Structures are given as C-alpha cells and as structure tokens.
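Asks: This structure is in structure tokens; I'll ask about it shortly.
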Amino acid sequence: MTPTHRDARDPGTKGPRGLGSRKKERIDELAATAGASGPVDEAGAIDDTAGVSLIASAWRRLRRSPVFLVGLAITIAFVVLAIVSSWLAPHDPGEWLLYDKVSPQSNPIPGPEPGFPLGADDKGRDLLSRLLVGSRQTLIVGVCATLFGLAGGLVLGTLAGAFSGWVDSVIMRIVDVMLSIPSLLLAFSISAVASRPSQWTLIIAIAIVQIPIFARLLRGSMLAQRSKDHVLAARALGVKKSAIVLRHMLPNSLGPVIVQATLVLATAIIDAAALSFLGLGNPDDRNPEWGQMLGRAQTYIYDHPHLAFYPAICIIIVALGFTLMGESLREALDPKSRR
Amino acid sequence: MTTTTPETARRDPRGAEPLLSVRDLTVTFKRQGEDPFVAVDGLSFDVRPGQTVGLVGESGCGKSVTSLAIMGLLPDRGNTVTGSVELDGRDLLTLSNKQMRDLRGSDIGMIFQDPLSSLNPVVPIGRQVTEVLERHKGMSRKSAKPVAREMLHKVGIPDPDRRLTEYPHQLSGGMRQRALIAMALACEPRMLIADEPTTALDVTIQAQILALLRELVEEMDTALIMITHDLGVVAGLCDEVNVLYGGRLVERGDRHPLFHDPHHPYTGGLLSSVPSLEGDAAERLNPVPGSVADNLPWTSSCAFAPRCSNAIERCREETPAAVASGDRVLRCFNPLGGQASPAESEEDRR
C-alpha cells in the first residue's frame, strides 16, 4: 500500500502547508483508496473459493450503518419529491394568487390562510408550492453542475493519468492553481463574467469549480492503477495503450470519483444557494429554486425571516443527506477503515 | 509438492534450432545515491520449440526481471538492458515499443503469479479473452467469441458459456489461473513465459494447472520458460533447469542429471531443503543458511560463498566463471562431491 500511496501523491507539491495543500491532501488520500480497493491485497493468500466483490462487501457494511441509511433515506425522499412535486404542489408556484393581499407598506408578505398553509411570498405566490417545486430546480442545478464537473474532471484526470511527463505536469499545475483559489470566489468570478446570469451560468460556474477536484482525484487513482498486476498483464498481452487506459485503468479508478460526486452534489447545492444569495443566480423566478428563494428573502429577513428559514432548512437537510451518504460510502470503500 | 514425472514419449527437442536465445542478458537498475544494482548479470540460455526450460532460484535472484526483460515490460527509465534476446533471429531488445506490442500476446505470451490481481476486475472473462484476439488476429468481437469459448473449454473451464459473462471475482482461484492461461494462449504464441504460475494456488490445483500447461505446451509445440522457486514444479515439468543465484547462472543441466547429481552447493542445498515423505517426520529440514542479504559482490568473489557449506578460501577472493561440460554448466570452485574439475576463475580465462 505504501508505494501506491506515495505514487498518488505529487512530489511537486511539498510546499507550505496552507489551505490549498490541505485540500489537495484530502483528495489524494481519497485517491489512494482506489489503489488498495481490491478485496485481496495479500498476494499469495488466494484460496480456491470465489472472492467477494468490493461492492458486495461494502454493501454488507453499509446495510448496518445508520448514518448511511439516514443519508440514503433523505436522498431518495429528495429525488422522489423532485420528480412528483409538480403533481404534489397545491397551486402553480408561478401564479400570483394572493397578489391582491400584498400591500408594500403594511403587509408585504401575506400570512398563512386556508389553502395556503405557509402563506405566500412578496408576489403572492404560494410558498408551500414554491418550496415543493423548488426541489426540482435544486436537483437539476446540483446534478447538472456535478455531472459537468465530473465530465471535465474525467477528461483532465484521464489525460494526466494516461500520459505521464509534461502533459501530466501541465494539467496538474493548472489544476493546482484552480485548487488554490477558494471555490466560492472562483465560482463568483466565473458567473460574474457572464453577461446575462441564468440558471446555466450558475451551473457552469459551479461545475468549473468542481473540475480540479475530480481531475486530481482521478489522476491519483489512475497512477495507483498503473502499477497494478492486471495492467501489466494487459501490457504483456500486447493490448494497445488506448485500450489499457480506457478499459483497464479508467473503470478501476472510478470508485473514489463516484464517491466524491455524491459529496460534490451537496456542495453544488450549497454553492448554488450562495451564488443566488449574492445575486448571481437565475433572475427568472417563475421556476423556483431554493437558493434563489433564499436570496430573494434577504429583503424581508428582519420582519419575515420564515421566507429564508424554509428554503434554508430544506437545503441543509438535503445537503446533510448527500454528505452523510457520501461520507459513509467513502468510509465503506476505504480499506483503512475496514473492520 | 512432488508431481510424478510422466515418462511421456516426447520427441527430443534438443536437435531443433533454438526459438529464443538469450545471450549475455544484463539488467541494471539505477539507484539514487548508490551504485547501480545488477539484477541479472550475463545470463545466457536457449529455448527450443516444445522445450520447457526452468529458471529456478530464490526471491531476488533475478528470475522475474529476466522474464520482464524478455517481454520488454521493464519500465522505460531507470534501467539498462544489454545483451541480446533473439526470437527467431530477431533481437527483441532492439525492437521499438510498437513492434514489441505487436509481438506480445501473439508471439510471446506470459502467465503471471497472482491470478486474481492479474485479471481486470471490472471486465467479464470472455471480454478479456476476446480482447487479445481482436487485438492480434483482427477479429471482430462477435467472431472472437466462439474462439474464446473454445479456448476456455480447452483450458478446462466447465460451462464456458456461463463463464464468458462472469467477472473474475466470481471465479475460483484455479479457474482464474485457467482463464489467464486461456488469455495467454489465445493467439497460440510460440513462446510462453510462466512466472510462478502456481504460487498462489493450493496444492491440488497446482497439480492440475501444471498438467494443463504440460498438455497445452505439447499440443501446440510451444516453447515454455518456467520461472519458479518450487523444485517440485521443476521436477514435474522442465526439460532443462537453470539455477540462478544473485543474478547469475550457477548451474545448468537436464532435469534428471541435475536432480540426481547436483554439482553446485546451492542446487544441492535447494534439493535437500525439500521436505520428503519418505524421511522420518522428526527429521529436521536442511535449509540453505543465511539470506540473500549476506551475498558478496560477484565482481570479486562468489556471491554464494557466505552461505555455502563447501566454501573455500578461493571463493571469497576470485570470481568463478561458468564452465560448460557437455550439457552441464557450473559456476563453482569447489563443487559437491568434488567430481568436476574446479572451475577456472574469470581472471584466468582472460
């Protein structure tokens, strides 16, 4: 295990241990788990029985972990809610149903009343319906941002892991630079560049921030794969380099990347909320999104804090769900924490 | 493990032209801040079609490095390989990476030690066999499939149709090694290198795998280099045995003469350290004392001298040269039994 661990770590990053290097170390640690993820690492200890796959043994441990089950339950509830919310919502979230009750001076936010259990927002739209339907947009933002970040990270990480030498050096230095900028600041800068902010500029800004994390993680676990026996065996069969990278190294390196993706989903949702709060979110609020609702609530935060509380609580619960699930997945797949 | 030696009516391959001839193979690894490490030093041997040649020695004697050097699988940097490795008159060491890639798997196959870690865990067995066929025979995946099934059947995997779609973790250790053999033999290479193919398997499976290898090698007339530290494997399989110590050949001979009458003290030590069923159970094994760490440098002495029961003063002062007499090669000043004339030292010869 030690040599793979050393491999996964970049010799060029022994600089001062600042915030950035801690972040890098965490990523590399996760990457190193891919190197040792096979159920049999003691060579020569193979008996004649069928082995247990990594996923089966991880699942056996996860099944009994309350942390994982809570995370999984929250995640499933969230996804199901996002899918059925259009039918579940009592009213159209974009319609100004209670607008006649809104008076800017005395009563900017209509309170609860029959049919509208949480009241309405500043335009008289039903708050409950907006919260329910908001889960859909939140899911879209989180998933799209994660997927784009994952795709970009896969490309960069595969390139860096497949070609060592200068390709690797150039890509990893770019990644290091991106990692050294605080993620929210980077996302803020990227979305500020867009002339017209929309949901997609938000998604792209968050995705770009995730790319270096995925790239570094994937490169680390690809490097660990390179010294594996089955890669040597494939080379001994004369398999082409492209096939070795795409069929033999990449699929075996994906484990920690997928785990990271569940964690990134939580970050993406929170980042989206933060950017919306800072006014860089989607200006079009006919389709509600929790981060955007939170951002709009700041005008009324002193007199009507519930407008901010509800979406904030939703975001916290969902982010907690993804994080709990991701962390316990990571722990289950990490050979170091196996009992 | 003592596999019974079948006295098969096997044609004597010695007359044939060598398929692979290794001459003066030397592999040196650079070390940071230290002298370079010579892993293999001036090794020469021939392998003929249908012949099985054993490379025997303990861990660190350079047997695996030899196999990787022949396959061209040593890392690009940090080592130097000199000498020549000729396959059918083509020096493999001068070929480009691409030429070597075309050769590996089609002309030279290799079987590795640990069958689980040598299979890709996320690709079905069948796909891993067809991959080789697609690569070297230009077959489509569809047309390669029946060939792969035939191959799995040939290596004794029952129900090959089902196994084709299964993943390595679903197979037992013996099955995995059979699958690896199927992959290595899929393109019917003329040369097969088996690097301790039975080390990770239990004894009954070992015997099966060895029997399978012997069968396949005879059927396809493949030349086989068997790398092992297990003398039982050597006794059961090899026609010619090369005993390596510290990167150099110390003794070579045909199987029977070598086992009956070992000349080199190291060979003798290896043979007497094998547990025997005939002996008294209370009798202690005779291990070769010491470890590789005690080695002297070959450049000014015999590396084995500190561990040798027969060492004389000369062993620590001069380098013994490899001396051939008939089919035997011996590198020793004071051989067992004292029947052979003491080897000349390398300085004498110059």
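Asks: Does region A:200-219 contain any residue that is surrounded by fewer than 18 Cβ atoms within 10 Å (Cβ to Cβ) and of a type in the set (A, V, I, L, M)?
Replies: So in region A:200-219, the residues surrounded by fewer than 18 Cβ atoms within 10 Å (Cβ to Cβ) come out as A:200.
With of a type in the set (A, V, I, L, M) added as a condition, the list becomes none.
No, that holds for no residue.
Asks: Could you go through region B:189-210 and let me know if any residue there is assigned to a helix (DSSP H, G or I), of a type in the set (A, V, I, L, M) and outside the structural domain of B:THR66 (by TED's automatic domain parsing). Steps first, please.
Replies: Kept after step one, since they are assigned to a helix (DSSP H, G or I), are these residues of region B:189-210: B:203-210.
Right, trim to of a type in the set (A, V, I, L, M) and you get B:203, B:205, B:207, B:209-210.
If we keep only those that are outside the structural domain of B:THR66 (by TED's automatic domain parsing) as well, we get none.
The answer is no; no qualifying residue exists.
Asks: Pairs under 7 Å by beta carbon, first residue more than 7 Å from chain A (Cβ to nearest Cβ) and closer than 25 Å to B:VAL203 by Cβ in region B:164-175, partner part of a loop (DSSP other than H, G, I, E, B) and of a type in the set (A, V, I, L, M, F, W, C), six or more apart or different chains?
Replies: From residues that are more than 7 Å from chain A (Cβ to nearest Cβ) and closer than 25 Å to B:VAL203 by Cβ, the pairs are B:PRO168/B:LEU116; B:PRO168/B:LEU119; B:MET175/B:ILE157.
Asks: Limited to region A:179-199, what total is found for residues that are under 16 Å from the mean Cα position of the chain (by Cα), open to solvent by 40 Å² or more (accessible area, probe 1.4 Å) and among the hydrophobic types (A, V, I, L, M, F, W, C)?
Replies: 1
Asks: Among the residues of region A:317-330, which ones are in contact (Cβ under 8 Å) with a residue 60 or more places away in the chain and not aromatic (Phe, Trp, Tyr)? Steps first, answer last, please.
Replies: First, the residues of region A:317-330 that are in contact (Cβ under 8 Å) with a residue 60 or more places away in the chain: A:317-318, A:320-330.
Within region A:317-330, A:ILE317, A:VAL318, A:LEU320, A:GLY321, A:THR323, A:LEU324, A:MET325, A:GLY326, A:GLU327, A:SER328, A:LEU329, A:ARG330 meet the criteria.
Asks: Among (1) of a type outside the set (S, T, N, Q); (2) open to solvent by less than 60 Å² (accessible area, probe 1.4 Å); (3) within 13 Å of chain A (Cβ to nearest Cβ), where does B:ASP91 come up short?
Replies: (3)
Asks: Let me ask you something else. Quickly run through region A:214-234 and pick out the residues that are in contact with an Asp or Glu (Cβ under 7 Å, 6 or more places away or on another chain), in a helix (DSSP H, G or I) and either within 14 Å of another protein chain (Cβ to nearest Cβ) or under 22 Å from B:GLY72 (Cα atoms) (or both).
Replies: A:LEU223, A:ALA224, A:ASP229 - these are the residues of region A:214-234 that are in contact with an Asp or Glu (Cβ under 7 Å, 6 or more places away or on another chain), in a helix (DSSP H, G or I) and either within 14 Å of another protein chain (Cβ to nearest Cβ) or under 22 Å from B:GLY72 (Cα atoms) (or both).
Asks: Among (1) out of contact with any Asp or Glu (no Cβ under 9 Å at 6 or more places or on another chain); (2) at pLDDT below 85; (3) closer than 22 Å to B:PHE45 by Cα, there is one condition B:ILE193 misses while meeting the rest; what is its number?
Replies: All conditions are met except number (2).
Asks: Give the number of residues within region B:94-116 that are more than 7 Å from chain A (Cβ to nearest Cβ), surrounded by fewer than 20 Cβ atoms within 10 Å (Cβ to Cβ) and not in a loop (DSSP other than H, G, I, E, B).
Replies: Summing the residues that are more than 7 Å from chain A (Cβ to nearest Cβ), surrounded by fewer than 20 Cβ atoms within 10 Å (Cβ to Cβ) and not in a loop (DSSP other than H, G, I, E, B) in region B:94-116 gives 5.
Yes/no per residue for (1) among the basic types (Lys, Arg); (2) within 9 Å of chain A (Cβ to nearest Cβ); (3) assigned to a strand (DSSP E or B):
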| residue | (1), (2), (3) |
| --- | --- |
| B:SER44 | no, no, yes |
| B:GLY54 | no, no, yes |
| B:PRO75 | no, no, no |
| B:GLU86 | no, no, yes |
| B:SER118 | no, yes, no |
| B:PRO121 | no, yes, no |
| B:GLN128 | no, yes, no |
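Asks: For region B:206-227, which positions are under 22 Å from B:SER117 (Cα atoms) and either open to solvent by 20 Å² or more (accessible area, probe 1.4 Å) or not β-branched (Val, Ile, Thr) (or both)? Step through it out loud before you land on a result.
Replies: Step one: filter region B:206-227 for residues under 22 Å from B:SER117 (Cα atoms), giving B:206-210, B:212-213, B:225-227.
Once the filter is applied, which keeps residues that are under 22 Å from B:SER117 (Cα atoms) and either open to solvent by 20 Å² or more (accessible area, probe 1.4 Å) or not β-branched (Val, Ile, Thr) (or both), region B:206-227 yields B:GLN206, B:ALA207, B:GLN208, B:LEU210, B:LEU212, B:LEU213, B:MET226.
Asks: Let me ask you something else. Which of the residues belonging to region B:228-253 are modelled with pLDDT of 90 or more and closer than 16 Å to B:GLN113 by Cα?
Replies: none
Asks: When you look at A:GLN292, is it more than 30 Å from B:GLY109 (Cα to Cα), at pLDDT 90 or above and polar (S, T, N, Q), yes or no?
Replies: Working: more than 30 Å from B:GLY109 (Cα to Cα): yes; at pLDDT 90 or above: no; polar (S, T, N, Q): yes.
No: the conditions fail for A:GLN292.
Asks: Do we find that B:ILE225 is touching a strand residue (DSSP E or B) at 6+ places or on another chain (Cβ under 9 Å), of a type in the set (A, V, I, L, M) and not in a helix (DSSP H, G or I) in this structure? I'd like the intermediate steps shown before the answer.
Replies: Working: touching a strand residue (DSSP E or B) at 6+ places or on another chain (Cβ under 9 Å): yes; of a type in the set (A, V, I, L, M): yes; not in a helix (DSSP H, G or I): yes.
For B:ILE225, the condition - touching a strand residue (DSSP E or B) at 6+ places or on another chain (Cβ under 9 Å), of a type in the set (A, V, I, L, M) and not in a helix (DSSP H, G or I) - is met.
Asks: Could you please find all residues in region A:277-293 being crowded, with 24+ Cβ neighbours inside 10 Å and either among the basic types (Lys, Arg) or not in a loop (DSSP other than H, G, I, E, B) (or both)? Outline the logic, then answer.
Replies: Step one: of region A:277-293, the residues crowded, with 24+ Cβ neighbours inside 10 Å are A:281-282, A:288-293.
Listed by number, the residues that qualify are A:TRP290, A:GLY291, A:GLN292, A:MET293.
Asks: Hey, does region B:59-74 have a residue that's farther than 14 Å from B:VAL22 by Cβ and surrounded by 21 or more Cβ atoms within 10 Å (Cβ to Cβ)?
Replies: Start the filter on region B:59-74 by keeping residues that are farther than 14 Å from B:VAL22 by Cβ, which leaves B:59-61, B:64, B:73-74.
Still in the running and surrounded by 21 or more Cβ atoms within 10 Å (Cβ to Cβ): B:61.
Checked against the condition, which is being farther than 14 Å from B:VAL22 by Cβ and surrounded by 21 or more Cβ atoms within 10 Å (Cβ to Cβ), region B:59-74 yields at least one hit.
Asks: Do you know which of the residues in region B:56-65 that are more than 14 Å from every other protein chain (Cβ to nearest Cβ) and not in a loop (DSSP other than H, G, I, E, B) is modelled with the highest pLDDT?
Replies: Taking region B:56-65 as the starting set, the residues that turn out to be more than 14 Å from every other protein chain (Cβ to nearest Cβ) are B:56-58, B:60-63.
If we keep only those that are not in a loop (DSSP other than H, G, I, E, B) too, we end up with B:56, B:63.
On the way: B:VAL56: 90, B:LYS63: 86.
Within region B:56-65, the match that is modelled with the highest pLDDT is B:VAL56.
Asks: Next up: Given the conditions (1) part of a helix (DSSP H, G or I); (2) open to solvent by less than 10 Å² (accessible area, probe 1.4 Å), and given that A:GLY238 satisfies all but one, which numbered condition is not satisfied?
Replies: Of everything listed in (1) part of a helix (DSSP H, G or I); (2) open to solvent by less than 10 Å² (accessible area, probe 1.4 Å), A:GLY238 misses just condition (1).
Asks: Same structure again: Just wondering, is there one or more residues in region B:144-159 that are open to solvent by less than 10 Å² (accessible area, probe 1.4 Å), within 11 Å of chain A (Cβ to nearest Cβ) and on the phi < 0 side of the Ramachandran plot?
Replies: no
The values are calculated or read from the model by the stated rules, or taken from the named source; none is laboratory data. Worth saying up front: this structure is predicted, and the values here are computed from it rather than measured. Don't worry about glycine lacking a Cβ; one is built from the backbone with ideal geometry, like all the others, and counts go over all protein chains shown. When the accessible area is computed, the model is the full protein with side chains, heavy atoms only, and any ligands, DNA or RNA have been set aside. Shrake-Rupley method; radii C 1.70, N 1.55, O 1.52, S 1.80 Å.
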